[in-house]
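Undergrad: Sharing a structure, written as structure tokens. Questions coming.
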């Protein structure tokens, strides 16, 4: 009887029987808007996160921007540094390349994935798929391929600057292309710190 009471109480304290949590490494190239953050309450948690993102006011952006910040939902992940978004204002879907960084390549037949390419894509998918983000801009809005070039903002201050997060965790290195150079020095410092600390690919890739 004592053992039964202890087991019941422990279950009550820790939220019931353990369940499997999603492993970001299991996320593949087919991820889309169907991927939703269900780790902390499903639709309720996502709605609360949407409200939080909508309320953000501290939005890092370029010194001279080509357009105003844009609120959008991430609907598909192409790789670690490229996503498709649906703007919140109902305008046409955009393919967005993250400014100032580059992640290792995923597999493109017949070429295999680069070291840490799948991991970078899985992290971006796990963190952004289905979520609202702010896109902010620098001097140049598009690249040669017609992709929108943007900074990805999902929280207040430095901690919510996703381009920097990928660098800091070792999923990306810097790629500075004129005229979008506002954060070039900041990004270089983030990469240097990740290398020094052996974060992500800097530990696992030769």
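Undergrad: Any idea what Rg and Dmax come out to for segment 37-201 if you just take the C-alpha atoms, in Å?
TA: When restricted to the Cα atoms of segment 37-201, Rg and Dmax are 15.3, 45 Å.
Undergrad: For segment 183-206 and segment 101-160, compute the distance between their C-alpha centroids and round to whole Å.
TA: What the calculation gives is 16 Å, centre to centre.
Undergrad: Radius of gyration and Dmax for segment 90-155's Cα atoms, expressed in Å?
TA: That works out to 13.4, 38 Å for Rg and Dmax.
Undergrad: Taking 0.36 nm per intervening residue step and subtracting the Cα-Cα distance, what contour gain separates residue 55 from residue 111 on full extension?
TA: Working: separation 56, 0.36 × 56 = 20.16 nm, distance 4.26 nm.
Contour length minus Cα-Cα distance gives 15.9 nm.
Undergrad: Run the simple label-point estimate for residue 142 and residue 92 please: 7 Å along Cα→C-beta, distance reported in nm.
TA: So the two model labels end up 0.8 nm from each other.
We did not get these values from a lab; they are worked out from the coordinates using the rules stated. Computed from a predicted structure; not experimentally measured. Glycine also receives a Cβ, built like all others from the backbone with ideal geometry; neighbour counts cover every protein chain displayed.
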